[in-house]
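The values are calculated or read from the model by the stated rules, or taken from the named source; none is laboratory data. The structure displayed is predicted, hence computed values, not measured ones. Note that each Cβ is placed from the backbone with ideal geometry, even for glycine, and that neighbours are counted across all protein chains shown. To get the accessible areas, we keep the full protein, side chains included, count just its heavy atoms, and leave off ligands, DNA and RNA. Shrake-Rupley method; radii C 1.70, N 1.55, O 1.52, S 1.80 Å.
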Amino acid sequence: MLTSKLEVLVEFGPRIDDQIVNKTLNELKSRDGVTDAVFKDGAIMVETTLPSTEVLDVVTRASGKRAVLQGFGDAQSAVSMVSSQACCGAQVIGVVRFQQTPEGPLVADGCIDGLSTGLHGLHVHEVGDLSQGCDSIGSHYNPSNTKHGGPDDPPEERHAGDLGNIVADETGRATFRLVNDVLKVWDIVGRSVAVTERRDDFGRGSSPESKIDGDSGCNVACGVIARSAGVFQNPKRVCACDGVVVWDERDRPLAGHGRRGGCCQKGAKSHSKPCCKV
C-alpha cells in the first residue's frame with residue numbers, strides 16, 4: 001500500500017508532556033492505515049494511507065491540543081487552497097495537497113467543506129488563472145489530447161487531470177486521498193484544481209458533455225497549485241508578515257478581515273472571508 005509521510009505540529013507548549021506524547025503516538029499506531037508514528041524534532045511523524053485530515057483529528061483528540069499539518073511528503077509536494085472564488089460569503093473552501101511519491105504515483109490528499117452531499121468531480125485544469133474565478137482556469141489538463149475518462153482508465157483513454165470523484169458527507173465535508181499514476185507534481189505546479197457541482201460519469205454517460213468533462217457541471221471551487229513544503233522543510237512557527245502563529249492559521253482567512261482577530265464566529269459579517277479548517 002502506498003503511504004504518505006506527514007509532519008504534524010502539536011501545540012505542546014514550552015514543556016513537552018511525555019505522557020501526552022506517548023498517548024498520542026499509541027492512539028495513532030492503533031489505527032488501521034497508520035504504519036508508523038514517532039516523535040521527532042518537536043513534531044509527530046506519521047506514515048499512513050489515511051487522509052491527512054483524519055490523522056489531524058486523531059492527534060487533536062488524543063493530545064487535547066491544537067495540531068496542524070506542517071509538512072506533507074518526503075519528496076516534491078504541492079498544495080492548492082480551493083474556494084468558490086466569490087467576493088462575498090463564499091461557501092466552498094478547502095485544501096488539496098499533492099505528493100510525488102518515490103514509487104512514482106502522485107497522491108492527492110484533501111478536505112473540502114461546503115459541498116452538497118454526494119459525489120463531486122475533482123480535476124486538474126490547464127492554467128492557474130483566477131482572474132475570472134473558476135471560469136478562467138481552462139479545460140482539464142490534457143497534454144496527450146485524449147478523451148475524458150475515469151482515474152482507472154488507461155492513460156490514452158482519459159485526461160491526465162481526471163482525478164475522479166470525491167464524496168461529501170451530510171455536513172458537506174469531503175475528505176479524500178486519491179492515487180494517480182499519470183500526473184507528476186512538476187507538471188501541475190502553476191496550474192489549478194477544481195471541484196464540480198455534480199459527480200463525474202467518467203465519459204460513460206449519454207450526454208455530449210460526458211465525453212468532455214463527465215457531465216459534472218460547473219466548477220464550484222478552484223485554486224492555483226503551488227509548491228509546498230515536505231516533511232521538515234518548513235521551520236515556520238510564526239508568520240513574519242502579521243505575527244499569526246501557525247496553530248491559529250487553520251482557523252483564520254489567508255488575508256484581509258479576520259486574519260489577525262477572531263473569525264468564523266456565529267453572526268460574522270457576510271463580507272468576511274471564510275476560514276479554512278483543514
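Arranged from highest to lowest average of other beta-carbon atoms within 10 Å per residue, in what order do the peptides 128-135, 146-153 appear? Mind showing how you got there, number by number?
Numbers: 128-135: 14.8, 146-153: 17.9.
Result, highest mean Cβ count within 10 Å first: 146-153, 128-135.
Relative to the present Cα-Cα distance, how much length would full extension add between Ser30 and Asp187 at 0.36 nm per residue of separation? Don't skip to the end; give the middle numbers.
Working: separation 157, 0.36 × 157 = 56.52 nm, distance 3.66 nm.
Stretched out fully, the Ser30 to Asp187 stretch lengthens by 52.9 nm.
Determine the equivalent ellipsoid of the stretch 152-216 by diagonalising the alpha-carbon gyration tensor, then write out the semi-axes as square roots of 5 times the eigenvalues, largest first, rounded to whole Å. Kindly include the intermediate steps, with their values, before the conclusion.
Numbers: eigenvalues 75, 68, 24 Å².
That gives 19, 18, 11 Å for the three semi-axes.
Give the accessible surface of the stretch 1-141 per residue, rounded to a whole number of Å², with probe radius 1.4 Å and ligands, DNA and RNA excluded.
Details: 6000 Å² over 141 residues.
That works out to 43 Å² per residue.
Can you tell me the FRET efficiency between Glu197 and Arg15 if r is taken as the Cβ-Cβ distance and R0 is 51 Å, rounded to the nearest 0.05?
On the way: r = 49 Å, r/R0 = 0.96.
In this case the efficiency is close to 0.55.
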Notebook entry, point to check: Using θ = phi - 60° and the Karplus curve 6.51 cos²θ - 1.76 cosθ + 1.60, what whole-Hz ³J(HN,Hα) does each residue of the stretch 39-44 get, with Gly and Pro shown as x?
Noted result: 9, 8, 6, x, 9, 9
Notebook entry, point to check: Looking at this model, which pairs from Lys184/Lys211; Lys29/Lys147; Lys5/Lys65 are more than 32 angstrom apart at the alpha-carbon?
Noted result: Lys29/Lys147
Next item on the list: First obtain the Kirkwood hydrodynamic radius of the stretch 53-164 from its Cα pairs, then insert it into the Stokes-Einstein equation at 4 °C and 1.567 mPa s, and state the resulting D in µm² per second as a whole number.
Entry: 80 µm²/s
Next item on the list: Calculate the tail of P(r) for the stretch 1-123: the fraction of all Cα-Cα distances greater than 17 Å, expressed in %.
Entry: 60 percent
Next item on the list: Please list 111-122, 3-14 highest first by mean number of surrounding beta-carbon atoms within 10 Å per residue.
Entry: 111-122, 3-14
Next item on the list: Output the relative contact order of the stretch 88-225, whole-number percent, from Cα pairs under 8 angstrom with separation of 6+ residues.
Entry: 29 percent
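Test of the criteria: in the stretch 8-66, which trypsin sites (Lys or Arg not before Pro) are in a DSSP loop and have at most 13 other Cβ atoms within 10 angstrom of their Cβ?
Arg15
Using a 1.4 Å probe and counting only protein heavy atoms, arrange Met45, Met81, Met1 so the residue with the most accessible area comes first. List each step's numbers first, then the result.
Numbers: Met45 30, Met81 75, Met1 200 Å².
The residues order as Met1, Met81, Met45, largest area first.
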Notebook entry, point to check: What's the carbon and sulfur percent of the stretch 1-98's accessible surface, probe 1.4 angstrom, rounded to a whole number?
Noted result: 46 percent
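If packing is taken as the average number of other Cβ atoms within 10 Å across a peptide's residues, how do 204-212, 177-185 rank, most packed first? All intermediate terms of the calculation are to be shown ahead of the outcome.
On the way: 204-212: 12.8, 177-185: 18.1.
Put in order of decreasing packing, that is 177-185, 204-212.
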Checklist line | Solvent-accessible heavy-atom area per residue, rounded to whole Å², over the stretch 153-196 at 1.4 Å | finding: 39 Å²
